[in-house]
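Following: one structure in structure tokens, then a few remarks.
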Amino acid sequence: MEAMINMRDGFIRVAAATPKVRVADTVFNGEQVIRLMEEGYEKGAKLMVFPELCLTAYTCGDLFSQQTLLDGALEALRQVIRATAGKDMLVFVGLPWERGGKLYNVAAAVKDGKLLGLVPKTNLPNYQEFYEARHFCPGNEIPVEAAWEGGTVPMGANLLFSCKNAPGLMIGAEVCEDVWVPCPPSIRHCMAGATVMVNCSASDETTGKDAYRRELICGQAARLVCGYVYANAGEGESTQDLVFGGQNLIAENGTCLAQSRRFVNETIYADLDLERLTGERRRMTTFPAGEEIRRADHYQVVEFSFSEPDCSGALLRTVDPAPFVPHDQGQRSRRCEEILSIQAMGLKKRLEHTSCSHAVIGISGGLDSTLALLV
């Protein structure tokens, strides 16, 4: 029986990393991923996410049709897998994957020297500056077995990665555009039980897109009551008409816990509160039971374990001593006005409904009666 690890009151440390890449240089890109992965491990990250197609670079264009590039990506993946041996962390990294004579854009889940599974991108943008349908096929939802090193690994969008000895930690994955569509895969993943979503992304920069991207990720984390780790492509990708800013984001239930600077390749860290997420879901009567959905939608759960305690040292998040009182004076004034307006409208409706022409209030000098008088 697996021993339950102490995740320090339900927190797990996660990271989103943007390596510097060279287009089509799989050896260099693999080395950069490994370097950042080792840094993340030293800082206690249990879950680390890298950008979309980062082992080749996203902007390879028609080079994706070259077998040399595809072979190089697989060899870089082997190097990454070997580098995870003995490291107590789960890593998601993007690369092109060939199956059945077709090419797929996948996020590979790797832990402790093993490839656990492949999550293909299901929504391929082929509008404006994007031409992904030229090179890739939409991924399958129901998992199938893909050949790997003399054996097979599961490949499909409906894959969940569950930690056997860390209650509440179940991870789902999607790739870039998947979260921008009307019905993102993350919706069904979280309904099926995922508490943390990861996204390997290559989202380019246009004016104002950074604010929308942040709202999108934070809003998805709020709607799904989950943690969301978003790793975006950055410097080194811009060989054509695209620029990538490397905007990494870590959100929890609508709150942005960490965000990287734009146009600088960075790694960000945060501690997700799994107990808060699972507790909030239990409280919500409209949040479904995941097991039934996993059966109905043919999900496959891949199990893994952590062997070491998590989140040693200082907690990487701020605990606000006054969470319901804004620190900004302007926001605080608006909040107070809103509270009084809500109560005043409630009182107005009650007096109107009862056709009351007079109101009597007793003033004790305490807080409650003072607030009632102000209302």
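Tabulated values for the structure
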{"read-out": "Residue in the range 300-311 that is open to solvent by less than 80 Å² (accessible area, probe 1.4 Å), touching a strand residue (DSSP E or B) at 6+ places or on another chain (Cβ under 7 Å) and at pLDDT below 90 present", "value": "yes"}
{"read-out": "Qualifying residue in the range 316-325 (condition: closer than 28 Å to Val119 by Cβ and either among the aliphatic types (A, V, I, L, M) or surrounded by 13 or more Cβ atoms within 10 Å (Cβ to Cβ) (or both))", "value": "yes"}
{"read-out": "Which numbered condition Thr267 fails, given (1) farther than 15 Å from Val21 by Cα; (2) touching a Leu at 6+ places or on another chain (Cβ under 9 Å)", "value": "(1)"}
{"read-out": "Options Leu77, Leu90: the member that is open to solvent by less than 10 Å² (accessible area, probe 1.4 Å) and either over 21 Å from the mean Cα position of the chain (by Cα) or of a type in the set (D, E, K, R) (or both)", "value": "Leu77"}
{"read-out": "Complete set of residues in the range 108-129 that are surrounded by 12 or more Cβ atoms within 10 Å (Cβ to Cβ), over 19 Å from Arg82 (Cβ atoms) and not polar (S, T, N, Q)", "value": "Val119, Pro120, Lys121, Leu124, Pro125"}
{"read-out": "Identity of the residue in the range 187-211, in contact with a strand residue (DSSP E or B) (Cβ under 7 Å, 6 or more places away or on another chain) and more than 26 Å from Arg13 (Cβ to Cβ), that ends up least open to solvent (accessible area, probe 1.4 Å)", "value": "Asp204"}
{"read-out": "Test: residue in the range 291-310 that is closer than 27 Å to Pro185 by Cβ, in contact with a helix residue (DSSP H, G or I) (Cβ under 8 Å, 6 or more places away or on another chain), among the hydroxyl-bearing types (Ser, Thr, Tyr) and part of a loop (DSSP other than H, G, I, E, B)", "value": "yes"}
{"read-out": "The range 5-54 - residue that is small (Gly, Ala, Ser) and part of a loop (DSSP other than H, G, I, E, B) and, of those, surrounded by the most Cβ atoms within 10 Å (Cβ to Cβ)", "value": "Ala45"}
{"read-out": "From Arg276, Arg294, residue being open to solvent by 80 Å² or more (accessible area, probe 1.4 Å), in contact (Cβ under 8 Å) with a residue 60 or more places away in the chain, assigned by the TED database to the domain that holds Ser186 and closer than 30 Å to Gly94 by Cα", "value": "Arg276"}
{"read-out": "Qualifying residue in the range 130-137 (condition: assigned by the TED database to the domain that holds Tyr104, closer than 25 Å to Phe304 by Cα, in contact (Cβ under 8 Å) with a residue 40 or more places away in the chain and open to solvent by less than 50 Å² (accessible area, probe 1.4 Å))", "value": "no"}
{"read-out": "Qualifying residue in the range 2-17 (condition: under 17 Å from Cys200 (Cα atoms) and either aromatic (Phe, Trp, Tyr) or touching an Asp or Glu at 6+ places or on another chain (Cβ under 7 Å) (or both))", "value": "no"}
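Conditions (1) out of contact with any Leu (no Cβ under 9 Å at 6 or more places or on another chain); (2) more than 20 Å from Thr152 (Cα to Cα); (3) touching a residue at least 12 places away in the same chain (Cβ under 8 Å), marked per residue:
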site: Arg13; (1), (2), (3): no, yes, yes
site: Val23; (1), (2), (3): no, yes, yes
site: Thr56; (1), (2), (3): no, yes, yes
site: Thr59; (1), (2), (3): no, yes, yes
site: Leu69; (1), (2), (3): no, yes, yes
site: Gly100; (1), (2), (3): yes, no, no
site: Lys111; (1), (2), (3): no, no, yes
site: Leu115; (1), (2), (3): no, no, yes
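One line per residue, one yes/no per condition, for (1) on the phi > 0 side of the Ramachandran plot; (2) of a type in the set (S, T, N, Q):
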{"residue": "Ser162", "(1), (2)": "no, yes"}
{"residue": "Met170", "(1), (2)": "no, no"}
{"residue": "Ala173", "(1), (2)": "no, no"}
{"residue": "Cys176", "(1), (2)": "yes, no"}
{"residue": "Val181", "(1), (2)": "no, no"}
{"residue": "Arg188", "(1), (2)": "no, no"}
{"residue": "Cys218", "(1), (2)": "no, no"}
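The values are calculated or read from the model by the stated rules, or taken from the named source; none is laboratory data. All values reported here derive from a predicted model rather than from experimental measurement. Cβ atoms come from the backbone with ideal geometry, glycine included; neighbour counts cover every protein chain shown. Quick note on the areas: whole protein, heavy atoms, side chains included, nothing else; ligands and nucleic acids left out. Shrake-Rupley method; radii C 1.70, N 1.55, O 1.52, S 1.80 Å.
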